[in-house]
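Below is one structure, written out as C-alpha cells; comments come after it.
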Amino acid sequence: MKIEVEPDDDGVARKAAAIIAAEARAAIAARGRFIVAVSGGRTPWLMLRAFANEQLPWENVHVVQVDERAAPAGDPERNLAHLRESLLDRAPLLGDNIHAMPVEARDLNRAAQQYAATLQAVAGSPPVLDLVHLGLGADGHTASLVPGDPVLDVTDADIAIVNRYQGRRRMTLTFPIINRSRRVLWLVTGCEKAATLVRLRDGDPSIPASRVRQDQAMVLADRAAAEKLCTSEKLEKQK
C-alpha cells in the first residue's frame with residue numbers, strides 16, 4: 001500500500017481528484033466507461049468539487065455509493081445530499097449514470113438486493129468497480145463496515161445493511177466487492193486518525209479497515225493524519 005502525504009486536506013482533495021480523473025481516462029480508453037464508488041466526508045466533498053472541474057467524457061462516467069445512512073430524501077445526514085451538491089450539480093453527468101442507494105425503502109434488506117442487482121447491470125456479474133474511494137474512522141471502520149457488526153463477516157453479498165451506528169442504520173458495500181475493485185483510494189485527514197492510520201498501514205487485524213486488500217490501494221493523508229507514521233517506523237527500527 002502506497003502512502004502519500006500532502007500538507008493539508010485541500011492538498012489531499014486536489015491530489016485525489018487528479019488521480020481519479022487519470023483513472024477515469026484510462027478506464028474509458030480501455031473499457032469504454034469508468035465506475036467510481038464514493039464515500040462521504042468533508043475532504044471527499046472538496047475532492048469531488050475539484051473532480052467536477054476535470055475535462056472528461058462525462059457521459060461514460062458512472063457514480064455509485066460506498067455507503068449511505070437510512071434517512072429521508074434531502075436529509076443533511078445523507079451522503080447523497082453532499083454528493084449532489086459537490087459533484088452531480090457541477091459536472092455534466094448523465095442522470096442514468098448516477099446510482100443512488102435506495103435507503104428510503106421500507107424493506108432495507110430487499111433494497112440492498114436491488115442495489116446489488118443495479119451494480120451487476122452496470123459493472124458485470126460479479127460487479128467490478130474501477131475505483132473505490134474510502135475514508136478511515138478513528139475506530140478503524142471504513143465505508144459502513146464498523147467494529148463488531150455482523151456485516152464484517154458477509155462473504156456472499158456485495159451490499160448489506162448495518163445495525164444502528166451513530167444513530168442510523170446504513171447500507172454499505174461489503175468487503176467482497178471492495179476487494180474486487182481495480183483500485184482503492186483512501187483519503188485520511190485529521191490528527192484523530194493518526195494512530196489508526198499506523199494500524200491500517202501495519203495491517204492490524206483488529207480493525208475492519210485492514211480487511212481491505214492493500215496491493216491495489218493508495219492512501220492520501222494530510223500531515224496531521226500522518227504524524228505518527230515516521231515515529232512508528234523509528235520505533236520499529238529500534239527493536
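Overview of results
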quantity: Distance (nanometres) between label positions extended 7 Å along Cα→Cβ at Arg25 and Asp139; calculated: 4.1 nm
quantity: 13 Å Cα-Cα reach of Lys228 towards aspartates and glutamates, excluding residues that sit fewer than 8 places from it in its own chain; calculated: Glu192, Asp202, Glu236
quantity: Electrostatic dipole magnitude of the chain [Cβ: Lys, Arg +1; Asp, Glu -1; Cα centre; debye, to 20]; calculated: 260 debye
quantity: Order of Tyr165, Tyr115 under a 10 Å beta carbon neighbour criterion, fewest first; calculated: Tyr165, Tyr115
quantity: Inter-label distance for Arg110 and Ser206, nm, one decimal - labels placed 7 Å from Cα along Cα-to-Cβ; calculated: 4.2 nm
quantity: Coordinate range along principal axes, alpha carbons of the stretch 1-78, Å, largest first; calculated: 38, 32, 26
quantity: For the stretch 2-238, the spread of Cα positions along each principal axis, largest first, Å; calculated: 54, 41, 33
quantity: Likely footprinting exposure, Arg211, Arg183, fewest C-beta neighbours within 10 Å first; calculated: Arg211, Arg183
quantity: Sorted largest first, extent of the stretch 44-178 alpha carbons per principal axis (Å); calculated: 42, 32, 29
quantity: Förster-model FRET efficiency, 22 Å R0, Asp8 and Asn53, C-beta, rounded to 0.05; calculated: 0.70
quantity: 17 Å Cα-Cα reach of Lys15 towards aspartates and glutamates, excluding residues that sit fewer than 8 places from it in its own chain; calculated: Glu4, Glu6, Glu23, Glu54, Asp222
quantity: Theoretical ellipticity at 222 nm over the chain - DSSP helices of four or more residues, -39500 (n - 2.57) apiece, nearest 500; calculated: -10000 deg cm²/dmol
quantity: Cα-based Rg / Dmax (Å) for the stretch 119-233; calculated: 14.3, 46
quantity: Relative contact order for the chain, counting Cα pairs under 8 Å that sit 6 or more residues apart, in percent; calculated: 24 percent
quantity: Amide H contacts of His62 (H built 1.01 Å from N, under 5 Å, at least 5 apart or other chain); calculated: Phe34, Ile35, Val36
quantity: In Hz, Karplus ³J(HN,Hα) per residue of the stretch 203-214 (6.51, -1.76, 1.60; θ = phi - 60°; x = Gly, Pro); calculated: x, 4, x, 7, 10, x, 4, 6, 7, 7, 4, 9
quantity: Sequence of Lys193, Lys228, Lys2 once ranked by neighbouring C-beta atoms within 10 Å, starting from the fewest; calculated: Lys2, Lys228, Lys193
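We did not get these values from a lab; they are worked out from the coordinates using the rules stated. No experiment lies behind these values; they were computed from the predicted model shown. Counting neighbours? That spans all protein chains shown, and the Cβs are built from the backbone with ideal geometry, glycine included.
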